[in-house]
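The structure under discussion appears below in the form of structure tokens.
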Amino acid sequence: MHAAPFQGSAVTVIDFTAFIGRLATSSGETILPFFRTSLLVDNKSTSDFDPVTEADRAAEAVMRRLIKANFPQHGIVGEEFGSEREDAEYVWVLDPIDGTKSFIAGFPIWGTLIALLHKGTPVFGMMHQPYIGERFSGDSGSAHYSGPSGERKLSVRRCASLQEATSYTTSPLLMKAGDREIFGRIEKEVRLSRYGGDCYSYCMLAAGHLDLVVETELKPYDIAALIPIITGAGGVVTNWEGKPAQSGGRIVAAGDARVHEAALKLLNSQDA
């Protein structure tokens, strides 16, 4: 990790790195006994299907306990249990299972997202997939992979144009009708458009396996941890207006700045 964002802090970067590893390990140990079992699923939404499981709640509770015990002055924003001290200098943003729909269907395309914000900016992020045993982490200056194939630095790949790009979105059905129509402009241009992935799409972009991710309706906890991973690997991530992405909403991430620029132009074109 880069030391810069943490200079002047009483806690060293090394402490944060080790501690985030502990959060990932503890949440993973909590989640795995639930995966591919006949777990109970609740629906958080009244209008559509937004599942939450015992595993989500248990994993977030474990992470919150650890944070409070080690950094009581820090804030916490979590998907399942809301916000505490979110105006603190350091704030943890937690999504215990990003990709719950894949999780309840038995597919391992989900992950635990852990972000650390310093004065509102994501300075460290990790995506942990405990079933496969993969961790993707980044601090905006660099990004790293750790998993069954060993450890390596993450780096995006070059892609000159949308016409050469492989694009992912979790599902166009998650988009409002107007946004889905706009997203269709991207699909017409790219070489390959695929669905699924949730947090994995962004990590595969950081690892250099795909070129573009376009999403809508994201919450801060869906994206905060992924920003330092993408930028640390050399990629670009903003909202559709080209502004910082940590608040969520409509997001576009690209491995190559040229693809990002072309995607923004298409998404914001009035006469497309």
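The modelled label-to-label distance for the pair Tyr131/Ser155, using points 7 Å beyond Cα in the direction of Cβ, is 3.2 nm. Rg and Dmax of region 140-199, based on Cα coordinates, read 15.1, 43 Å. The C-alpha atoms of the chain define a longest principal axis, and helix 177-189 lies at about 70 degrees to it. Axis of helix 13-31 versus longest Cα principal axis of the chain: the two differ by about 90°, to the nearest ten degrees. Once the Cα atoms are used to define both axes, helix 54-70 deviates from the longest principal axis of the chain by about 60 degrees. Apply the a/c threshold of 1.5 to the C-alpha gyration tensor of region 16-153 and tell me whether it is rounded, prolate or oblate. Oblate. Out of every Cα pair in region 162-268, what percent are spaced more than 23 Å from each other? Across region 162-268, Cα pairs with separations above 23 Å total 12 percent. Per residue, region 162-268 exposes 39 Å² of accessible surface when a 1.4 Å probe is rolled over the protein heavy atoms with every protein chain present.
Pairs of lysine residues in the chain that meet both criteria, 8 or more places apart or on different chains and Cα atoms under 20 Å apart, total 14.
The values are calculated or read from the model by the stated rules, or taken from the named source; none is laboratory data. For clarity, every value in this text was computed on a predicted model and none was experimentally measured. Cβ atoms come from the backbone with ideal geometry, glycine included; neighbour counts cover every protein chain shown. In case anyone asks, the SASA skips ligands and DNA or RNA and just uses the protein heavy atoms, side chains included. Shrake-Rupley method; radii C 1.70, N 1.55, O 1.52, S 1.80 Å.
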